[in-house]
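Read the figures in this text as sums done on the coordinates, not as results from a lab. Keep in mind that this is a model prediction, so the values were computed, not measured. We place every Cβ from the backbone using ideal geometry, glycine too, and count neighbours over all the protein chains shown.
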Amino acid sequence: GENVEQHPSTLSVQEGDSAVIKCTYSDSASNYFPWYKQELGKGSQLIIDIRSNVGEKKDQRIAVTLNKTAKHFSLHITETQPEDSAVYFCAASNSGGYQKVTFGIGTKLQVIP
Amino acid sequence: DAGVTQSPTHLIKTRGQQVTLRCSPKSGHDTVSWYQQALGQGPQFIFQYYEEEERQRGNFPDRFSGHQFPNYSSELNVNALLLGDSALYLCASSLYMTSGVGELFFGEGSRLTVL
């Protein structure tokens, strides 16, 4: 089955700096890669996703890159703000039919004001 | 529009007991997946229900079972509880799609503590 590795497990950055979280996956059949933000007292929310036919996707301060050959993908957050502090999970999934989403271990991001 | 709702939010059980967790999917969604998230870990896939049948299952023993009702809501049952079953149990709903992807919407989870 699919295995997703994520690092770092914790990350502290100064407000305004950039944060990068990296993930690798094992199953070449995976073709959908979502990123979720988990905050205390809230359900995990999708913040950005990328499909295997795209190398990069950007949404305001958040961007994701995908290298299919190397089977790795990364989340980039620029101009970090205190409200970006949360646990971020990368995931890999098939698409179509019964989706099985495999998650990484999570990265606890702390943005220091 | 109500999102995914789960109950109870917290519960405490003792070893050997049984527990039932409940989930109501987001309006319009027909697929429910359950995940177990141990402290400091990522969510681990337990199983997925669509059209009232289990469609996929992760690497969990038969002590973990589920059900989906005609209104798409779902239950997760765990029998013969072990200390290691202590975790946050997450329900995620989505819309089944024959092609493309259906975004997962998560509930806040049910925190189970086994003593």
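Mean projected area of the Cα convex hull of region A:35-81, taken over all directions, amounts to 3.9 nm².
Of all the options B:Glu52, B:Glu103, B:Glu75, the one that moves most in a Gaussian network model of chain B with Cα springs shorter than 10 angstrom is B:Glu103.
Computed 3J(HN,Hα) for region A:53-61, one whole-Hz value per residue from the Karplus formula 6.51 cos²θ - 1.76 cosθ + 1.60 where θ = phi - 60°, is 8, 10, x, 8, 8, 10, 9, 6, 8, glycine and proline marked x. If you count Lys pairs in the protein assembly as shown whose Cα atoms are under 20 Å apart, skipping same-chain pairs closer than 8 places in sequence, the total is 20. Rounded to whole numbers, the Karplus 3J(HN,Hα) couplings from phi for region A:16-30 are x, 7, 9, 10, 10, 10, 10, 9, 10, 10, 10, 8, 5, 7, 5 Hz, using 6.51 cos²θ - 1.76 cosθ + 1.60 with θ = phi - 60°, and x at Gly and Pro.
Over all pairs of distinct alpha carbons, what does the Kirkwood formula give as the hydrodynamic radius of chain B, in Å? Could you put the intermediate results ahead of the total?
Details: mean 1/r = 0.0709 Å⁻¹.
Evaluated on chain B, it is 14.1 Å.
Between B:Leu82, B:Leu104, B:Leu39, the GNM of chain B built on Cα springs shorter than 10 angstrom shows B:Leu39 fluctuating the most. Along chain B, counting only trypsin sites (Lys or Arg not before Pro) with a DSSP assignment other than H, G, I, E or B and at most 13 other Cβ atoms inside a 10 Å radius, the longest segment between sites is B:64-115. Taking N as the residue count of region A:26-113, its C-alpha radius of gyration divided by 2.2 N^0.38 Å amounts to 1.11. Per-residue 3J(HN,Hα) values for region B:18-29, derived from phi via the Karplus relation 6.51 cos²θ - 1.76 cosθ + 1.60 with θ = phi - 60°, read 10, 9, 10, 10, 10, 9, 10, x, 4, 4, x, 8 Hz in sequence order (x marks Gly and Pro). Taking the empirical scaling 2.2 N^0.38 Å for compact globular proteins as reference, the protein assembly as shown has a Cα radius of gyration ratio of 1.01.
Region A:76-110 and region B:1-44 have Cα centres lying 19 Å from one another. A DSSP coil position with no more than 12 other Cβ atoms inside 10 Å describes the following GluC sites (Glu not before Pro) in region A:54-104: A:Glu79. Close amide H contacts of B:Gly66 (hydrogens built in the peptide plane, cut-off under 5 Å, sequence separation of 5 or more or a different chain): B:Asn77. Using only the C-alpha atoms, the convex hull of region B:57-115 corresponds to 112 Å³ per residue.
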